[in-house]
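Colleague: Before we start, here is the structure in question, set down as C-alpha cells.
The values are calculated or read from the model by the stated rules, or taken from the named source; none is laboratory data. Predicted model only: the values in this text are computed from it and were never measured. Positions of Cβ are backbone-derived with ideal geometry, glycine not excepted, and every protein chain shown enters the neighbour counts. The protein model used for the area step is the full one, side chains on, heavy atoms only, and it has no ligands, DNA or RNA in it. Shrake-Rupley method; radii C 1.70, N 1.55, O 1.52, S 1.80 Å.
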Amino acid sequence: GFRKECLVFLEALSTKYNLYLLSNTNSIHLKCFREIFTRDTGKPLLDVYFNKAWYSHLVGLRKPHAEIYKFALQEGDMVPAETFFIDDTAANVETALNLGIKTHLLLSTERIEQLGL
C-alpha cells in the first residue's frame, strides 16, 4: 500500500526541494502499480509528487549501474554534491556514493518522513 504519511511528507518536501524518482521497474509492474496507486489515493500517478520520474524500462538503464545515475543527474540538471539519494538497496546507494552523491540507505525499520529532511 501507499502510506499516507509518506505522501504528505513528499508534498511538504516538494515545496523546499526538487524531487526526482529513479525506479527499477518494468512495464507490467508499472501499469499495475499505477492502477493500485490511483485506486488507493485518487491521484493519477505517483509521479505527481516529483519533478520527474525515471523508470528503468523507459530509459533503458538500471540501478545499480552508474549510467542511470549519470543520466538522472544530467537530465535533472543536478550537481552530485548537492544531490541526496535515498534507496533501500545497499548496492544502489554505494554506486551513487561513488559518484559523489550524498546518500542514505533506508532500512526496513525506517520511514522517510523520520529522516529529518
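Colleague: Can you find a residue that is of a type in the set (G, A, S), at pLDDT 95 or above, over 15 Å from the mean Cα position of the chain (by Cα) and over 20 Å from L117 (Cα atoms) anywhere in the stretch 7-23?
Modeller: no
Residues are listed down the side, and each one gets a yes or a no for (1) surrounded by 13 or more Cβ atoms within 10 Å (Cβ to Cβ); (2) under 20 Å from D88 (Cβ atoms):
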residue	(1), (2)
L22	yes, yes
H29	yes, yes
F33	yes, yes
T38	yes, no
T41	yes, no
W54	yes, yes
H57	yes, yes
G60	no, no
K63	yes, yes
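Colleague: Select the helices (runs of 4 or more DSSP H) contained entirely in the stretch 1-79, then report the ones holding at least 1 residues which are hydrophobic (A, V, I, L, M, F, W, C) and touching a residue at least 60 places away in the same chain (Cβ under 8 Å).
Modeller: Per the criteria, 4-13.
Colleague: Under the condition of being within 20 Å of R3 (Cα to Cα), among the polar types (S, T, N, Q) and open to solvent by 90 Å² or more (accessible area, probe 1.4 Å), which residue from the stretch 84-117 is farthest from the chain's Cα centre (by Cα)?
Modeller: If we take residues in the stretch 84-117 being within 20 Å of R3 (Cα to Cα), among the polar types (S, T, N, Q) and open to solvent by 90 Å² or more (accessible area, probe 1.4 Å), then T109 is farthest from the chain's Cα centre (by Cα).
Colleague: Kindly indicate the residue of the stretch 96-117 that is closer than 16 Å to L21 by Cβ and in a loop (DSSP other than H, G, I, E, B) and also modelled with the lowest pLDDT among those meeting that condition.
Modeller: Only one residue fits best here, namely L117.
Colleague: A further question on this structure: Give all pairs with beta carbons closer than 7 Å in which a residue from the stretch 98-113 that is touching a residue at least 24 places away in the same chain (Cβ under 8 Å) meets a residue that is β-branched (V, I, T); count only pairs at least 6 apart in sequence or on separate chains.
Modeller: Hits for this filter: I101/T83; I112/I86.
Colleague: In addition: Which is closer than 13 Å to L22 by Cα and hydrophobic (A, V, I, L, M, F, W, C), of V93, V48?
Modeller: V93
Colleague: Considering only the stretch 65-82, state which residues are loosely packed, with under 13 Cβ neighbours inside 10 Å and β-branched (V, I, T).
Modeller: Matches in the stretch 65-82: V79 only.
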